[in-house]
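Every read-out reported here was derived from the displayed coordinates using simple, explicitly stated rules and does not represent laboratory data. These numbers were taken from a predicted model, which means no experiment stands behind them. Cβ placement follows ideal geometry from the backbone for every residue including glycine, while neighbour counts extend to all protein chains displayed.
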Amino acid sequence: MAEGTESGYDDDSVLVPALRRGDEAAFAWMLDRYDAPLRRAARTYVPTDAAADEVVQDTWLGVIGGIDRFEMRSSVKTWLYRILMNIARSRGIRERRTVPFSSAARAAEDGADTTFDPDRFRPDVAGESYPGHWRSLPLDWEHEPEDRLLSRETLGVVAIALDTLPPAQREVVLLRDVEGWSADEVCAALELTGANQRVLLHRGRARLRRALEAYFEAARQ
């Protein structure tokens, strides 16, 4: 059984009271579980690892200072990421690393980004294209060796492409595809509608896909 399950800290009704009474084990559990993902998220907003470290440190200070006011209207995880993103966005704007998330989200809703032809996606039950689910793989990736797909160079291509996404797309793709969050969790954390979340995810994935297609096509020449 996992340590979080044994301690009960994976249950917010146990974790929050423990944090409020200064339980060091509860805070250590939080650090162990969320510190690395928070650093990955912060790094999408600021230009250096050192700046990301500062954002994360400020986030933990925000948790310590705000836990008594936390009303549990959302999960602790959602609350934690909201603190981080508010700090990271402010820091990123000051360093000209990014633009306000709401502006980028509105741009995505307005269709200000070019993606793939809808015919390249599998239809859903209503016959419409379903974001992120490909009808076919243009370069027949199923036959690429696994070690090539997972190579450091390939992962580097993905990292660079992720870093160049518009801020809203980058955050949604990071939470959905890197951190493994559900669509509902992302909508709650980023305060997005379900439709907006799907648009951002679709467009972010499409940009990553184009980068990988270009990489593999160049490698085959």
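Things worth noting here:
- For TRP181, the amide hydrogen comes within under 5 Å of the amide hydrogens of ARG176, counting only partners 5 or more places away or on other chains and with H modelled in the peptide plane.
- Fewest neighbouring Cβ atoms within 10 Å first, the residues VAL55, VAL157 line up as VAL157, VAL55.
- Between ASP49 and ALA28, the modelled labels are 2.6 nm apart [label points 7 Å from Cα along Cα→Cβ].
- Efficiency of FRET from Cβ geometry, ALA218 and GLU71, R₀ 41 Å, rounded to 0.05: 0.20
- Efficiency of FRET between ASP184 and LEU155 - r from beta-carbon atoms, R0 25 angstrom, step 0.05: 0.35
- Cβ-defined net charge surrounding GLN57, 13 Å radius [Lys, Arg +1; Asp, Glu -1]: -3
- Computed packing ranks the peptides 68-74, 7-13, 172-178 as 172-178, 7-13, 68-74, most packed first, by mean other Cβ atoms within 10 Å.
- Using θ = phi - 60° and Karplus 6.51 cos²θ - 1.76 cosθ + 1.60, couplings along segment 202-217 (whole Hz; Gly, Pro as x): 4, 6, x, 4, 5, 5, 4, 4, 4, 4, 5, 4, 4, 5, 5, 5
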